[in-house]
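Here is the structure we will look at, set down as structure tokens.
The values are calculated or read from the model by the stated rules, or taken from the named source; none is laboratory data. The structure displayed is predicted, hence computed values, not measured ones. Note that each Cβ is placed from the backbone with ideal geometry, even for glycine, and that neighbours are counted across all protein chains shown. These accessible areas exclude ligands, DNA and RNA; they are computed on the full protein's heavy atoms, side chains included. Shrake-Rupley method; radii C 1.70, N 1.55, O 1.52, S 1.80 Å.
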Amino acid sequence: MTDFTPDMLAALHAASFDTPRPWSATEFAGLLSMKGVFLTTGAGPSFALGRYVPDEVELLTIAVSPEARGRGLGRAMLRRYEAEAQNRGATQSFLEVAANNTPAISLYLSEGYSESGHRKAYYSAPNGTKIDARMFTKRINQT
């Protein structure tokens, strides 16, 4: 599955997340229309959405179908995102993740990301609980 529509992205995002809240098809359509935003897709289904500005790239979100987890697809999507970022000229990647998203944090650390900051009460869980965000960065240039 490689031709994701905003509706498909929203459905996969909703199946993958409740915190932070899932993004709507309208939000995905708006993001995809922005300069510098790019989508990488893969099996599972899975996708990563990034935003490039000169020399930097931000991982906006990454999602893997719940039924396909545990097969390395998240790692594959992260690597595709980084390869596309390098193709665009980025040398640094940034991301933020809910502090309670242990699988994602483990993935980022195992792929060479370093914690670079903390945002207190950044996300809201569906029950209203506030969750901190952990910020990570990685140098991704090939030299």
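Which of (1) closer than 19 Å to PHE47 by Cα; (2) part of a strand (DSSP E or B); (3) of a type in the set (Gly, Ala, Ser) does SER116 not meet, given it meets every other one?
Result: SER116 fails condition (1) only.
Based on this model, can you work out whether ARG134 counts as in contact (Cβ under 8 Å) with a residue 12 or more places away in the chain, in a helix (DSSP H, G or I) and open to solvent by 50 Å² or more (accessible area, probe 1.4 Å)?
no
Just checking, which of PHE28, PHE17, PHE47 is among the aromatic types (Phe, Trp, Tyr) and open to solvent by 30 Å² or more (accessible area, probe 1.4 Å)?
Criteria check complete, one pass: PHE17.
Is one or more of the residues making up the stretch 89-103 over 18 Å from GLU115 (Cα atoms) and surrounded by 15 or more Cβ atoms within 10 Å (Cβ to Cβ)?
Yes, that holds for at least one residue.
List the pairs whose first member sits in the stretch 97-126 and is among the charged types (D, E, K, R), whose second member is open to solvent by less than 30 Å² (accessible area, probe 1.4 Å), and whose Cβ atoms are under 7 Å apart, counting only residues at least 6 apart or on separate chains?
Pairs found: GLU111/LEU78; GLU115/PHE136; ARG119/ALA133.
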